[in-house]
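S.K.: If you scroll down you'll find the structure; I have some questions about it.
The values are calculated or read from the model by the stated rules, or taken from the named source; none is laboratory data. Remember, predicted model here, so these are calculated numbers, not experimental data. FYI the Cβ positions are ideal-geometry reconstructions off the backbone, even for glycines, and counts take in every protein chain you see. For accessibility, only protein heavy atoms count, side chains too; no ligands or nucleic acids. Shrake-Rupley method; radii C 1.70, N 1.55, O 1.52, S 1.80 Å.
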Amino acid sequence: MRLISTKVLKAGMVLGHTIYNVNEKPLLQAGVMLTDGMIARLRLLKVQYVYIADEQSKGIEVKESVPIFVRQESIREIRQAFSSIEGCKQKNMADMLESKASKIQHILKNIMSEMDANQDLLMILSDTYLYDSYIFDHSYNVTLYTLAIGKELKLPVKQLEQLGLGAMLHDIGKTMVDESVLMKEGPLTQEEFEEIKMHTVHGFEVLKNLHNVSLLTAHCAFQHHERLNGSGYPRGITAEDIHPYAKILAVADVFDACTSNRVYREKMLPADAVETLLAGSGTLFDPTVIQAFQKGIAIYPNGLTVQLSDGRKGIVARQNKAVSMRPVIRVVEENGAIVPATYEIDLATHLDCTIAQTDIAFVTE
């Protein structure tokens, strides 16, 4: 199975992974042969990539780290938690959210259990799901990335629970921001940007009043847009004043924002999003957190087509734990021609070879 841009999809290709609609119901089932109409529909829905099954990628497994039923339950609870305070007066919000927070804590423990059982690098198949609200899927994805970082940093379970809950609810303040501003496709005015920035304050004010939620969890909402050099918001504090949880959340938040479709831009592939993080390492983001992120998350996910520094082209076949930048590659093309028989190269042992480019086409395409 391999990942392919919908821009180059052709009728007759076979879908490798089921695509789910906004209601978490199958839109297109794995194994279906794609038609021109299906491809046009996917492009209309702004699906950028799909997994296809073909001979070149036969046997390459692409599996979500956390099962879909856990994902569905998590997003449902996040949606209900956010919806519970929409339209409420400030003084009533904590009461409305209290019972929902308990359910989310239960869901969080399920997620942590699934992640503990899966020792592979974290992989999220974001393009297999369509969504009607970016916030809910974003909150779920950020939770997984945050927990993966926390595990690499060897945080104890109690701290992982506080951090994970903070990740799930970090954007709850956006329920108090005008939706037309949140979903605006063009540039924001200064006034609109100031309104957006207030979601961090709104979230903190709600979460800090919950009896069954740690104040540190509330600070995840408050500080996740702060940056080491003081260029963040809402307070513009610097490294020494930013809580470690917020430093973790900042990296997870930016990575998911970069790798998700937004109303104002298309998504990046994971490796490109990591480059964005690395560009801000030490100035915007904590280098230790970025390093932990790189160890725990599949930067080059299974099925991705790549070109190596020596010109060979292939497909990411599997991951190397703790060296996510150097996976195992199934070579498909060399010297401008498809190889008679594919073979593998492990970049963890072939240190003279690196991934130079991603999302490439083979000569037969």
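S.K.: Taking only protein heavy atoms into account and a 1.4 Å probe, give the accessible area per residue of the chain in Å².
M.R.: Numbers: 16120 Å² over 365 residues.
Per-residue value: 44 Å².
S.K.: Suppose a student asked you for the relative contact order of the stretch 117-180, using Cα pairs under 8 Å spaced at least 6 residues apart; what percent would you report?
M.R.: On the way: 28 pairs, mean separation 22.1, N = 64.
Computed over the stretch 117-180, the figure is 35 percent.
S.K.: When the accessible area of the chain is computed with all protein chains present and a 1.4 Å probe, what percentage of it is carbon and sulfur?
M.R.: On the way: 8400 of 16120 Å².
The nonpolar share, carbon plus sulfur, comes to 52 percent.
S.K.: Something else now. What Rg and what Dmax come out for the chain when only alpha-carbon atoms are used, in angstroms?
M.R.: 20.9, 69
S.K.: So who's got an amide H within less than 5 Å of the one on Phe285, skipping anything under 5 residues away but keeping other chains? H placed 1.01 Å off N, in plane.
M.R.: Leu228
S.K.: Continuing with this model, one more query. For the charge dipole of the stretch 97-165, defined by +1 on Lys and Arg C-beta atoms and -1 on Asp and Glu C-beta atoms about the Cα centroid, which residue among Gln159, Tyr129, Gln119 has the Cα displaced farthest towards the positive pole?
M.R.: Farthest towards the positive end: Gln159.
S.K.: While we're looking at this one, here's another question. Sort the stretch 14-124 into rounded, prolate or oblate with this rule: let a ≥ b ≥ c be the square roots of the eigenvalues of the Cα gyration tensor; rounded if a/c is under 1.5, and if a/c is not under 1.5, prolate when a/b is larger than b/c, oblate otherwise. List each step's numbers first, then the result.
M.R.: Details: a/c = 3.97, a/b = 1.71, b/c = 2.32.
Oblate.
S.K.: Quick check on my link table: of Lys25/Lys174; Lys103/Lys208; Lys208/Lys295; Lys10/Lys58; Lys63/Lys100, which ones sit more than 22 Å apart, alpha carbon to alpha carbon? Display every interim value, and only then the final one.
M.R.: Values: Lys25/Lys174 26 Å; Lys103/Lys208 18 Å; Lys208/Lys295 32 Å; Lys10/Lys58 18 Å; Lys63/Lys100 30 Å.
Check vs 22 Å cut-off fails for Lys25/Lys174; Lys208/Lys295; Lys63/Lys100.
S.K.: Here's something else I'd like to know. Separation of the stretch 69-141 and the stretch 176-212 by C-alpha centroid, Å?
M.R.: Cα centres, the stretch 69-141 to the stretch 176-212: 19 Å.
S.K.: Per the helix-only calculation at 222 nm, which mean residue ellipticity applies to the chain, given -39500 (n - 2.57) for every DSSP H run of n ≥ 4 and division by its residues, nearest 500 deg cm²/dmol? Show your work: numbers first, answer last.
M.R.: Working: 12 runs with 151 residues, N = 365.
That calculation yields -13000 deg cm²/dmol at 222 nm.
S.K.: Need the C-alpha centroid separation for the stretch 223-241 versus the stretch 301-348, integer Å.
M.R.: The stretch 223-241 and the stretch 301-348 have Cα centres separated by 39 Å.
S.K.: Then there's this: Give me a comma-separated list of calculated 3J(HN,Hα) values for the stretch 20-33, in order, Karplus coefficients 6.51, -1.76, 1.60 applied at θ = phi - 60°, integers in Hz, x for any Gly or Pro.
M.R.: Computed from phi, the couplings for the stretch 20-33 are 9, 7, 5, 9, 6, 9, x, 8, 9, 7, 4, x, 6, 7 Hz.
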